[in-house]
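Written out below as structure tokens is the structure these notes cover.
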Amino acid sequence: MTLPPALRRLMDLGKQADRVVPPSGHTAWLTTFTAGAMTFLCIFALALSLASGRLASRWSDALARTATIRLAAPPDQMQVQTDAILSLLSTTPGVESARALTDEEARHLLEPWFGPDLPVEALPIPRLIEVVEADPGYDGEGLRQRLAAEAPGAVLDDHTRWRRPLAEAAGRLRLLGGLSILLIGATMAAMITLAANASLAANAQVIRVLRLVGARDSYIARAFVRRFTLRALTGAAIGALAGLIGVALLPDADAAGGFLTGLGFTGAGWLLPFLLPPLAAVVAFAATRRAAFQKLRELP
Amino acid sequence: MIAFENAAYNYGGGELLSEVSLRLAPGSFHFLTGPSGAGKTTLLKLAYAELLPTAGHVTLFDREVRGLSRDDIAHTRRRIGVVHQDVQFLDHLPLAANVQLPLTVAGKGGDLRDLKDLLSWVGLGHLADALPPTLSGGERQRAALARAVIMDPDVILADEPTGNVDWEMSLRLLTLLVELNRMGKTIVVATHDLNLIRQAKAQVPARVLRISRRRIQLAGADL
Ligand SMILES: Nc1ncnc2c1ncn2[C@@H]1O[C@H](COP(=O)(O)OP(=O)(O)O)[C@@H](O)[C@H]1O
Ligand SMILES: [Mg+2]
């Protein structure tokens, strides 16, 4: 593998700077461990977030914003009641539009069951009225009561409505997953800052010597930043691998499954976990750099 | 080069140094003397910007120290070699790497042959791979001097370089400093060892600055 010269120079300089700070003691693995554990958790938060996102969009797509009113009435009453219902609907808040299906459409709907030659006119089949819901929607219970008063034979069928709170819950769950990822990232930054500060304090003597022989702050910081960034990268790579194995081992989706078995990555989603180690490295880089410069400014 | 103009320093309990005015001419050799606690170390710290004057001005290479950024200070220190009173090294690196440290942090590769020459000049050629904690007091002082000169600085400040070494070693260190002065370096040596000053004056035209009652005075030739 060949690195671009600029990058190689940076790595070399960093390696060189790294040597002037003594290899740290028994706390070195803490950063690696933290980054690993946090990335592991992050994988699951990510899986949760993606799965609930998929669920939310699937469910809200399924929520065709339509309902059906079935009207059963004696033939001579049919048209009167249909008109009454339509005018009632036209004044109901939350209803965008409503129309009665024509006999032709009704025949079309029934065709699969009764064949093309069904004499619809002669049969006492109910009249169907399609209701398109506005946003926000109508009050289902209120509409039912008013229908009962106007046309006792009318039944409002809005079976898809119950899914709406579920779709909302899934949306919130996705948000929560995203929030968890942010919190995990912030926690990792905080822990790495603490570890970096401990390391800087333990090496105060070394930093003093370096300053006195003319080292710039950026040179001294680089030694610490490089070290912590590499540790975080290593830890996060291990954590991501473990998390991915964990997710891959979840049972496959089956009919009984629903939400829990959908908790995996699909398609390009499998690439997201691979972004986590570089992201952890960036977090470690920024946190250590900040801590180092803050500490260095306190020294002469 | 290094100039003080009415400079004062105060650690918080009243002024330790007041109205210090002096100008180090290029190639000069100064001793800085005075009783223990008089402020010799403090004055040297002002001269390499580890401390900033609490009043007056200190100018390093024509720039007022208060106007220097942290990076400027780092660059200035590369032009001033310092042998600190409490010599400190990176204990995990061998002597050679320690002596080379100013070059390393400046991002300059050192010539290994020059490093060897330098180490043998201070008589430590055989200890290149030794770790600092294993060195004696005299060896540490000479290593510190080697580290101070490796960047080929214009000025060398030595704070009690003979503080805890025997007389023979003191003379040896003095000889090194005199040699450096003959090479054109500006030298300041803080010491309370009057014998050392007498020895030096036999070899170079050294001037003696004495800190007395917070002020700096040019001491007479009667030392
Ligand atoms: N960091 C400090 N804080 C407060 N007082 C100090 C500090 N460093 C030195 N001093 C005091 O300043 C005085 C001069 O110290 P120093 O410059 O080291 O004198 P010298 O080198 O001549 O022995 C001493 O009384 C010392 O206690
Ligand atoms: Mg002193």
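The values are calculated or read from the model by the stated rules, or taken from the named source; none is laboratory data. None of the values given here were measured: they were computed from a predicted structure. All Cβ positions, glycine included, derive from the backbone under ideal geometry; neighbour counts span all protein chains shown. Heads up: the accessible areas ignore ligands, DNA and RNA and are worked out on the full protein's heavy atoms, side chains in. Shrake-Rupley method; radii C 1.70, N 1.55, O 1.52, S 1.80 Å.
Values as computed for the structure displayed
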read-out: Qualifying residues in the range B:154-194 (those that are within 11 Å of the chain's Cα centre (by Cα) and within 14 Å of chain A (Cβ to nearest Cβ)) - the one surrounded by the most Cβ atoms within 10 Å (Cβ to Cβ); value: B:ALA158
read-out: Among (1) near ligand 1 (Cβ under 9 Å from one of its atoms); (2) out of contact with any strand residue (DSSP E or B) (no Cβ under 8 Å at 6 or more places or on another chain), the one test that B:LEU32 misses; value: (2)
read-out: Cross-chain or 6+ apart pairs with Cβ under 7 Å, the range B:36-48 first and within 14 Å of another protein chain (Cβ to nearest Cβ), then more than 8 Å from ligand 2 (Cβ to nearest atom) and in a loop (DSSP other than H, G, I, E, B); value: B:THR42/B:LEU51; B:LYS45/B:LEU51; B:LEU46/B:PRO53
read-out: Residue within the range A:230-249 that is open to solvent by less than 60 Å² (accessible area, probe 1.4 Å) and of a type in the set (S, T, N, Q) present; value: no
read-out: Odd one out for A:LEU194, checked against (1) within 14 Å of another protein chain (Cβ to nearest Cβ); (2) closer than 16 Å to A:ALA284 by Cα; (3) surrounded by fewer than 21 Cβ atoms within 10 Å (Cβ to Cβ); value: (1)
read-out: Of all residues making up the range B:68-87, the number that are at the interface with chain A (Cβ under 8 Å from one of its Cβ atoms) and touching a residue at least 40 places away in the same chain (Cβ under 8 Å); value: 3
read-out: Failed item in (1) within 15 Å of ligand 2 (Cβ to nearest atom); (2) of a type in the set (D, E, K, R); (3) crowded, with 19+ Cβ neighbours inside 10 Å, with B:ASP86 passing the rest; value: (3)
read-out: All positions within the range B:88-108 that are within 10 Å of chain A (Cβ to nearest Cβ) and assigned to a loop (DSSP other than H, G, I, E, B); value: B:GLN88, B:PHE89, B:LEU90, B:ASP91, B:HIS92, B:LEU93, B:ALA106, B:GLY107
read-out: Single match in A:ARG216, A:ARG222 (criterion: without any contact (Cβ under 8 Å) to a residue 60 or more places away in the chain and either within 14 Å of chain B (Cβ to nearest Cβ) or open to solvent by less than 30 Å² (accessible area, probe 1.4 Å) (or both)); value: A:ARG216
read-out: Residue within the range A:172-185 that is away from chain B (no Cβ under 14 Å), in contact with a strand residue (DSSP E or B) (Cβ under 9 Å, 6 or more places away or on another chain) and either in a helix (DSSP H, G or I) or open to solvent by 30 Å² or more (accessible area, probe 1.4 Å) (or both) present; value: no
read-out: Output for the range A:275-300, where each listed residue is loosely packed, with under 13 Cβ neighbours inside 10 Å and either farther than 25 Å from A:ALA28 by Cβ or touching a residue at least 60 places away in the same chain (Cβ under 8 Å) (or both); value: A:LEU275, A:ARG297
read-out: Of all residues in the range B:1-14 being more than 16 Å from ligand 1 (Cβ to nearest atom) and at pLDDT 90 or above, the one that is surrounded by the fewest Cβ atoms within 10 Å (Cβ to Cβ); value: B:ASN6
read-out: Residues of the range B:15-56 classified as away from ligand 2 (no atom under 16 Å from the Cβ), assigned to a loop (DSSP other than H, G, I, E, B) and open to solvent by 40 Å² or more (accessible area, probe 1.4 Å), total; value: 4
read-out: Matching residues in the range B:57-67 - criterion: being touching a residue at least 24 places away in the same chain (Cβ under 8 Å), surrounded by fewer than 19 Cβ atoms within 10 Å (Cβ to Cβ) and not polar (S, T, N, Q); value: B:HIS57, B:PHE61
read-out: Some residue of the range B:65-88 being within 16 Å of ligand 1 (Cβ to nearest atom), modelled with pLDDT of 90 or more and not hydrophobic (A, V, I, L, M, F, W, C); value: yes
